[in-house]
Amino acid sequence: MKRKNIKYILIFSFIGIFMSCDKDLDLSPLHTISDGTFWKSASDFEKAANAFYGSLGGHGNGTRDQNSDITVGAGTNGTSNGSLTLEGGPGWGGSYSAIRAATKITENYDIAVDIQAETARYAAEARFFRARTYANLVRTFGDVPLVKRTLDLESEELDAPRAPRADVVAYILEDLDWAIANLPEQSELNLAVEDGRVTKGAALALKSRIGLFEGTWAKYHSTGGDVNGYLDASIDASQKLIGSGEYDLYTEGGPNVNYRNLFLTPGQGSSESILASRFSEEIGRSHNTTRWIWTKINSPTKVLADMYICTDGLPIDKSPLFQGYDTMTSEFENRDPRMNQTFHAPNNGDVDLLGDVQLVPNIGRGGNGSTSSGYRGLKFFSDDEDCQRGQCFYDYMVMRYAEVLLNLAEALYERNGSITDAELDMTINKLRDRVGVAHLTNSLTTTNGLAMLWQIRNERTVELAYEGFRFDDLRRWKESENFLPMPLLGVKFIGSEFETTPPNAGITQDVDSDGFIIADPIANRSFDQRLYLFPVPIGEIQLNPNLTQNPGW
């Protein structure tokens, strides 16, 4: 599959999006190009829109979700354990640089009326990225300055206060609706030169994501926002994307490999991918995710391990199929196949790193195959030797069809207080069918005393593990104080095969009263209510005295 246009996307991303300014709002001209010589053709607008694609990011060296409770690194994580300081919070200068660049495109689109037919899609791309950037700001800080035009040194908006969250979200949804109306479908792209560009499906998926986030945030944080309106927006966008027929789940290879392969080269460009951050040898863009995963930089925890249901559709504390923890492999038996495709089970013979045949986890020590929890990650791990040496080219899916199915199921339940079996069949059960697990039904939850909402949330966590959703999910559900200030546990060590099998035999491990490894002790972990919103950057408040700080900071 050719990706000639991606080279331009990446070049412009580095000279555009990543050239941020220390000041609150970057006032430099877009790429230092004069308006008098630019904005004359569709090609100009395309080149300007290319600048945003670098902001799609990547795998994060396999460390996504380390700020939550489902993975643990070799060291501490200030967000996960509640030790984040005012000075250590995220900034927003780069985000406003991106917003300015996007607004520059939309303003010049309005001016260049004679070429609007050719440039509408690029203005729509700009609105998509502006909406995405504002959504990230709102998710992080809550109320933020709302800038709707490009500014100069005399603009009064430079000293504007933070706009109410609801006003910013309304602007986001307005941008997305415009983008949806003006972007092409995936099937309408000329893949030889347009593969990887934002589509109508991407804008619908983003609206689905944002509507769910804002609806549940308003509901559980009692902010007074339009709970049902946001949830309806999510439901509508999800249903339109599903109804478009443009996307489907990746199922190649069968239930024991399809989930893992989805995130590697075999699943690249599949019908499940809605928007991806592209890597390839052709454009000289690679990553080192596989080697990072093979160290203890980001090990799965017992929290995540225990969330995988058994093949009968029941959680491990309800299912007679669960085989316990006494051997190194017993807890992997009769489980949702996604577990064996997210975790590297001991002695599964599936992965050797450049000839390393040691398939028993190296607990608590460095080197290949090491892990701080006793569990090792497998998701995003490639068997390709060049990749294992540090040069990987598989894409990172920023948005995929499975998330939209999960968004719809959760939004329907949150909106209506219930979900029908037919709605489950068109959402969550499609994910279970992919891996051959029994369906989630109202009868199953009622008979076994399960809470449907938590089954939906559980499905979301295991399907999207290692993709960076867990921390924000806990925040929007207002459950962070119930899940984050807990010790991060690993495998059962005392009384299991791990205790007597090399290379861990005779090694002292810090364990709890039940013999499970303590990868991060309770003494290191806390959660303060102020962490539901990150601190407004100190430097921004110094520049603009009308900005207020978030509670508790």
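The values are calculated or read from the model by the stated rules, or taken from the named source; none is laboratory data. Please read these numbers as outputs of a predicted model, since none were measured by experiment. Positions of Cβ are backbone-derived with ideal geometry, glycine not excepted, and every protein chain shown enters the neighbour counts. Just so you know, the surface numbers come from the protein's heavy atoms only, side chains and all, with ligands and any DNA or RNA stripped out. Shrake-Rupley method; radii C 1.70, N 1.55, O 1.52, S 1.80 Å.
Applying the selection to the range 73-95, what residues are open to solvent by less than 20 Å² (accessible area, probe 1.4 Å) and outside any loop (DSSP other than H, G, I, E, B)? Within the range 73-95, just G93 meets the criteria. Looking across the range 211-231, the residues that are touching a helix residue (DSSP H, G or I) at 6+ places or on another chain (Cβ under 9 Å) and either in a loop (DSSP other than H, G, I, E, B) or of a type in the set (F, W, Y) (or both) come down to F213, W217, Y220, T223, G224, G225, D226, Y230.
For the structure I just gave you, tell me whether A179 is part of a helix (DSSP H, G or I) and open to solvent by 20 Å² or more (accessible area, probe 1.4 Å). No; evaluated as a whole, the condition is false for this residue.
Within the range 515-526, does at least one residue satisfy the condition of being part of a loop (DSSP other than H, G, I, E, B) and among the polar types (S, T, N, Q)?
For the range 515-526, residues part of a loop (DSSP other than H, G, I, E, B) and among the polar types (S, T, N, Q): present.
Whenever a residue of the range 81-101 is closer than 14 Å to A131 by Cα, its partners that are among the polar types (S, T, N, Q), lying with C-beta atoms within less than 6 angstrom and at least six residues away or across chains, give the pairs S95/T133; S97/S20; A98/T133; I99/T133; R100/T150. Picking from residues in the range 31-59 that are in a helix (DSSP H, G or I) and open to solvent by 40 Å² or more (accessible area, probe 1.4 Å), the one that is nearest to L264 (Cα to Cα) is S55. Of the residues G269, G243, G253, G225, the single one that is open to solvent by 10 Å² or more (accessible area, probe 1.4 Å) and without any contact (Cβ under 8 Å) to a residue 12 or more places away in the chain is G243.
For the range 400-429, a residue qualifies if it is buried (at least 22 other Cβ atoms within 10 Å of the Cβ) and not in a helix (DSSP H, G or I), and the qualifying residues are R400, I419, T427.
For the range 282-314, the set of residues classified as assigned to a strand (DSSP E or B) and more than 21 Å from the chain's Cα centre (by Cα) consists of C310 only. Considering the range 139-156, and only residues there that are outside any loop (DSSP other than H, G, I, E, B), in contact (Cβ under 8 Å) with a residue 60 or more places away in the chain and open to solvent by less than 60 Å² (accessible area, probe 1.4 Å), the residue that is farthest from A276 (Cα to Cα) turns out to be F141.
Look at (1) among the polar types (S, T, N, Q); (2) out of contact with any strand residue (DSSP E or B) (no Cβ under 6 Å at 6 or more places or on another chain); (3) open to solvent by less than 10 Å² (accessible area, probe 1.4 Å) and you find that Q388 fails only one, number (2). Can you confirm whether the range 316-332 contains a residue that is open to solvent by 10 Å² or more (accessible area, probe 1.4 Å), in a helix (DSSP H, G or I) and of a type in the set (A, V, I, L, M)? No, every residue in the range 316-332 fails to be open to solvent by 10 Å² or more (accessible area, probe 1.4 Å), in a helix (DSSP H, G or I) and of a type in the set (A, V, I, L, M). Among the residues making up the range 458-474, a single one is open to solvent by less than 10 Å² (accessible area, probe 1.4 Å) and more than 14 Å from the chain's Cα centre (by Cα): E459. The residues of the range 107-127 that are of a type outside the set (G, A, S) and without any contact (Cβ under 8 Å) to a residue 24 or more places away in the chain, listed by number, are D110, V113, D114, Q116. Residues in the range 356-368: is at least one more than 29 Å from R278 (Cα to Cα) and either modelled with pLDDT of 95 or more or in a helix (DSSP H, G or I) (or both)? Checking the range 356-368: not a single residue is more than 29 Å from R278 (Cα to Cα) and either modelled with pLDDT of 95 or more or in a helix (DSSP H, G or I) (or both). Here is the figure for the range 491-514: residues that are part of a loop (DSSP other than H, G, I, E, B), at negative phi and open to solvent by 70 Å² or more (accessible area, probe 1.4 Å) total 6. When you scan the range 248-281, how many residues do you find that are part of a helix (DSSP H, G or I) and of a type in the set (S, T, Y)? The number of residues fulfilling the criteria is 2.
Taking the range 191-210 as the range and being assigned to a loop (DSSP other than H, G, I, E, B) and either open to solvent by 20 Å² or more (accessible area, probe 1.4 Å) or on the phi > 0 side of the Ramachandran plot (or both) as the test, only G196 passes. Residues in the range 439-457 that are among the aliphatic types (A, V, I, L, M) and buried (at least 17 other Cβ atoms within 10 Å of the Cβ) were compared, and the one that is nearest to K318 (Cα to Cα) is L450.
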